[in-house]
Every structure is written in C-alpha cells, then in structure tokens.
Amino acid sequence: MISPSVNGPAVLIVLGILTAFGPMSMDMYLPALPELVNYFKTSPSKAQFTLSAFTIAFGIGQLIYGPVSDRLGRRYVLLVGIAIYAVASVLCVLTISVEELILARFFQALGGAAGIVLSRAIIRDLFNKTEGARALSLMLLIPSLAALISPFVGGYILKFFADWRLIFWILTVFGITAFVLGVLKLPETHPPEKRTSSSFFKIFNDYIKVLCHRSAAGYMICGGLSFATMFAQLSGTPFIYIEIFGVAPENFGLLFSLSVFAIMAGSYLNSRLVILFGIRKMLAVGTTIALLGGLGLLVSAHYGGFGLFGIVVPVIIFMMPHNMVNANATAGAMEYFPHIAGTASAMLGCVRFGTGAIVGALVGYFHDGTAIPMAYIIACCVIGSAAAFWFLTDKSSSNSSRSE
C-alpha cells in the first residue's frame, strides 16, 4: 500500500527538484555558449550542438527508463539515472575538445532523463487526470525557478571566475544532492503487484500503441511543439541578445528571467484554474496565447525597428503558457495508459525532447546573424501546436475527471 502522505507537498517538492535536471543543465551554461566558441575555437553551430546533443539524449533516455520502471519500479531506476548524471557532469569538466564535451553532455542527459520521465510516471501513479494536471503545474514551478536562477549563476560565474567548467562542478553537486533526496524522501509508488513483465517486442508494441492512439498523439504533438519553442529560444537568444544587441553575458539572465517569471505565472494560474475549467479549456487558452506571441515575434523580427525588446516581449508572451500547455497536454496524453504510465511518459518525453533537439539544431543551422530564422521556426511550432490540439485531440473525454 502507498501511504496517503506520499502525494503530499514534500513529495511534489522532491519531484520538482528531480525535474529540474533539464533547466539546470541547459540554462546555466547558456551564457557560456559564445565563450565555448572561443575556448574550443569552433563554430556557433557546433557549440549549440552541445545543447542539441543533451536534448537528443534526454529523449532517448526516457525511452529506456519508462518501460524499465514499469517492470522494476520507479525508485531504484530513478536513483541509477541520477548517479549516471552526476558522473557525466564530472566528465564534462574534464573535456579538452568540443567533441568530448558533446559526448559527455550526451551521457549527462541520459542520466538526467530519469528525473523527468519517472516524476511524470509517479504523478500518474498517485493522481487522476485533473488532479494530475494540477500536481504537474505545482511541480513545474520548481524547474521554472531553476530556469530563472540558472542563467544568472552561469553569467556571474563567467564574470567573476571566467571559467565555464565551474558550471559543471555546480551541476555535479546538484546531481549528488538530488540522489540523496531520492534515497531519503522518495518511496516506491509502483508496487510489485502493478508491475508488468516486458520483452523487447512488448515494449515496442506498447510504444506503437501509444503513438497510434490518435488523441494521445494529438496531445503529445501539441505539447512537443510547444516545448520545442523553448529550445528554439534557448539556442537562439544567447547569440541574439549577446552578439547582436551587445547584452553582457552576466546580464543575459535578467532578460531570460522575464520569460521564466511569465512561465511561473502561467503555471500558477493553471494550477488554480484547471480544476474549475478542465484541461481542454486551459489548453485552448494556452495555445492561443503562444500563437499570438510566436506570430508577433515573426512580425517584429522582420520589421526590425523595435530593437532588443521587439524580440524580448514576444518571447515572453509565447513562453508564458509554456507550462500551462505542457502540464495539460501531459495529463491528457497519460490519461489513456494507466497500466503503462512509465512507457507513455517515456514516449511523451521522447517526442518533446526529440522535437526540441531538432528545432534547436535548426536554429543553429540557419543562424545568419539575425533573429529571423529563430522567429520563423518558433512561428511554425506554435501554429503546429495549436493545430494538433484543435484537430487531433478527443473533445468528448478531455474535460472529464477520471478516478482510478
């Protein structure tokens, strides 16, 4: 039996910390991207691939952890992933070439993927759909806070210590801390009687089942393309703000924090309103706001007369509903697969981070010294996200709460 206290605030806080592997590992070193170009004497696109490699591995890792946790349980699989993350963070410090850093980042993400995929699965173990969306919104406030703080930390490390490697020492300490919290605070939420036996063919069939479910796929695409806009701006804004508009690296976090505050506001509003209005109405609001911001960014980038804040303001607008869209899209997709929640969570994460990796790489590939390529890519993402929600998801069941 799972203790009633398992779904209390303490567990949500620990799960929120575990989902912060992504923003901590990506956002803290964003101000260092231009510095990596100089340090390794490489190109901006190759420096950006240290971010894309992390994103790709984050998606692949989730495909592994999800079905394994359905068979073996959540807790120990989670702890193994965190240990891999901590070791790989040390390897990032020891790299002597950008290729080695890309490889170390790949393994760092393989480990860190356990935190986000198993946190979602644990939420599905403990809550029904609507309560799960609320819990996800509250849980996502912590990675949003990490995203707020991380660029400041990275920027000031570069200013006062001029050493990007110190960033990865901090991530090592974060990984060790998360491991200790997992050992001390997280119970097993997927007991033996609920576990599934698995083989390669069963896992493959389960993934096909998730992908071929029309409404679940609609939610995954909606959330995935929304998620990808974040990676587009993560890849593009360091170069746009720092190189085009001359923002100091230590001040990059100030501009980045505006988007994070907006995300946190959207997440908080969703946690309060989703119980009243249901996930579908909240997704309608979220995708519409994102659409307005993305198209506004495209117009502003083309016009070019609004300066720095002509980029910053529309970025804030389309980032505000980021967690609103993703929490509700997650709850909507996970609704259909209560008995293979780890597998469904893994596919959801793979779609999101795979899409993010592709989009982030495209921003780097088409980088031309202006904000226009990023703006076009983000506009396509917000259009696709809204279209997936309106035309693929099941309108009849998405507002109903389900008790297990």
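The values are calculated or read from the model by the stated rules, or taken from the named source; none is laboratory data. What you see is a predicted model, and the numbers here were worked out from it, not measured in a lab. Methodologically, a virtual Cβ is constructed for each residue, glycine included, from the backbone with ideal geometry; neighbour enumeration extends over all protein chains shown. Surface accessibility is based on the protein's heavy atoms, side chains included, excluding ligands, DNA and RNA. Shrake-Rupley method; radii C 1.70, N 1.55, O 1.52, S 1.80 Å.
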- prompt: Quick one: Cα centre-to-centre distance for segment 310-354 and segment 12-54, in angstrom?
  reply: 20
- prompt: Any idea of Glu250's accessible area? Nearest 10 Å², probe 1.4 Å.
  reply: 40
- request: Show me 341-351, 295-305 ranked by packing, highest mean number of other Cβ atoms within 10 Å first.
  value: 341-351, 295-305
query: Who wins for biggest fluctuation among Asn270, Asn328, Asn205 in a Gaussian network model of the chain, springs between alpha carbons below 10 Å?
result: Asn205
field: Per-bin percent of Cα-Cα distances, segment 83-194 [5 Å]
entry: 2, 10, 15, 19, 20, 14, 9, 6, 4, 1, 0
- request: Decide, for segment 314-381, between rounded, prolate and oblate: order the square roots of the alpha carbon gyration tensor eigenvalues as a ≥ b ≥ c, take rounded if a/c falls under 1.5, and otherwise choose prolate if a/b is larger than b/c, else oblate.
  value: oblate
field: Apportionment of accessible area to carbon and sulfur, the chain, percent (1.4 Å)
entry: 72
message: Can you list which of the DSSP-assigned H helices in the chain have a Cα extent of 27 Å or more along the long axis and an average Kyte-Doolittle score of at least -0.5?
response: 44-72, 75-94, 98-126, 141-160, 165-185, 214-239, 249-303, 341-365, 372-392
task: Pick out, from Tyr65, Ala262, Gly332, the residue whose Cα sits farthest towards the positive end of the charge dipole of the chain, with +1 on the Cβ of Lys and Arg and -1 on the Cβ of Asp and Glu.
output: Gly332
field: Candidate lysines - alpha carbon under 25 Å from Lys202, same-chain residues fewer than 8 apart omitted
entry: Lys194
- prompt: What shape does segment 42-103 take by its C-alpha gyration tensor, where a ≥ b ≥ c are the square roots of the eigenvalues and a/c under 1.5 counts as rounded, a/b above b/c as prolate, and the rest as oblate?
  reply: oblate
Cα shape, segment 125-189, gyration tensor, a/c 1.5 rule: oblate
query: Which whole number of Å³ per residue matches the convex hull of the alpha-carbon atoms in segment 1-118?
result: 90
task: Enumerate the lysines that Lys41 could reach by cross-link, defined here as Cα to Cα under 24 Å, with residues fewer than 8 away along the same chain left out.
output: Lys159
field: Volume in Å³ per residue [convex hull over Cα atoms, computed for segment 191-263]
entry: 187
task: Compare Val68, Val325, Val117 in a GNM of the chain, Cα atoms joined below 10 Å, and give the one with the largest fluctuation.
output: Val68
task: Return the long-range amide H neighbours of Gly73 (sequence gap of 5 or more, or a different chain), with a cut-off of under 5 Å between placed amide H atoms.
output: none
query: In vacuo Debye scattering of the chain, one point per C-alpha: log10 I(q)/I(0) at q = 0.07 Å⁻¹?
result: -0.28
- request: Grab the DSSP H runs of the chain that are 4 residues or longer, score each as -39,500 (n - 2.57), total them, divide by all residues and round the 222 nm result to the nearest 500 deg cm²/dmol.
  value: -27000 deg cm²/dmol
Accessible area per residue in Å² at 1.4 Å probe, computed on the chain: 38
